[in-house]
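The numbers here are math on the coordinates, done by the rules we state, and not lab data. As the structure is a computational prediction, the values presented were derived from the model and not from experiment. Here the Cβ positions follow ideal geometry from the backbone for every residue, glycine too, while neighbour counts run over all protein chains shown.
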């Protein structure tokens with residue numbers, strides 16, 4: 001493992017741990033419900049949307065990296081339609097909109113674990129190559145910057161939403 005991969009994965013271990021802790025105490029019936037402190041519904045992202053959204057990206061990043069594992073962690077087109085960037089997070093009181101909690105979290109962990117395992121095999125030379133997508137190169141000049149964002153910053157941003165949601169429904173801090 002190269003130093004760049006080592007740095008990325010050191011942080012990712014913490015993201016993986018936090019993603020597990022934030023699920024503690026959440027029932028399947030709560031997983032896709034919007035928070036409603038004091039009876040006032042707050043439009044924010046619930047865990048079903050957060051983990052479903054994050055589950056979309058590992059296969060995409062593995063594809064950019066040229067990994068043969070990309071297809072093995074790809075989510076269904078239905079998953080993508082529900083959780084892609086820009087979709088509205090809906091209150092699923094009847095459990096008919098989103099996949100089950102177990103399906104969503106399994107996709108999340110399977111994808112991110114596969115991506116992290118593949119990144120561990122990459123050299124500094126590979127991760128310091130220019131990003132092949134010219135449009136993405138604006139934000140991620142090298143592959144390692146893109147990988148770091150997807151395994152750390154992107155996850156942290158959305159886990160913050162799940163953390164706030166926990167407080168809204170009365171579960172409190174996961175730490």
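Some points to look at:
- Pair residue 44, residue 94: separation of 7 Å Cα→Cβ label points (nm): 2.8 nm
- Cα-based helix-to-principal-axis angle, 154-168 vs the chain, degrees rounded to 10: 10 degrees
- Relative to the current alpha-carbon distance between residue 20 and residue 123, full extension at 0.36 nm per residue lengthens the span by 34.2 nm.
- Protection proxy ranking, peptides 9-16, 145-152, 115-122, average beta carbon neighbours within 10 Å, highest first: 145-152, 115-122, 9-16
- Entry note, the chain: the mean residue ellipticity at 222 nm calculated from DSSP H runs of n ≥ 4, each adding -39500 (n - 2.57), is -16000 deg cm²/dmol after division by the residues and rounding to the nearest 500.
- Gyration tensor verdict on segment 92-175 (Cα atoms; rounded if a/c is under 1.5, prolate if a/b is larger than b/c, oblate otherwise): prolate
- Computed label-point distance, nm, for sites residue 76 and residue 63 using a 7 Å Cα→Cβ extension: 1.9 nm
- Put a dot 7 Å past the Cα of residue 106, heading toward its Cβ, do the same for residue 138, and the two dots end up 3.9 nm apart.
- Helix 47-64 vs. the chain, principal-axis angle (Cα, 0 to 90°, nearest 10): 10 degrees
- Packing around the peptides 58-65, 162-169, 21-28, taken as the average count of other Cβ atoms within 10 Å per residue, puts them in this order, highest first: 58-65, 162-169, 21-28.
- Folded to 0 to 90 degrees: helix 3-21 orientation relative to the chain principal axis, Cα: 10 degrees
- Rounded, prolate or oblate (a/c below 1.5 giving rounded, otherwise prolate when a/b exceeds b/c) for the chain by Cα gyration tensor: prolate
- Alpha-carbon centroid distance for the pair segment 1-36 / segment 114-128, whole angstrom: 20 Å
- The length gained on full extension between residue 11 and residue 157, counted as 0.36 nm times the residue separation minus their Cα-Cα distance, comes to 51.2 nm.
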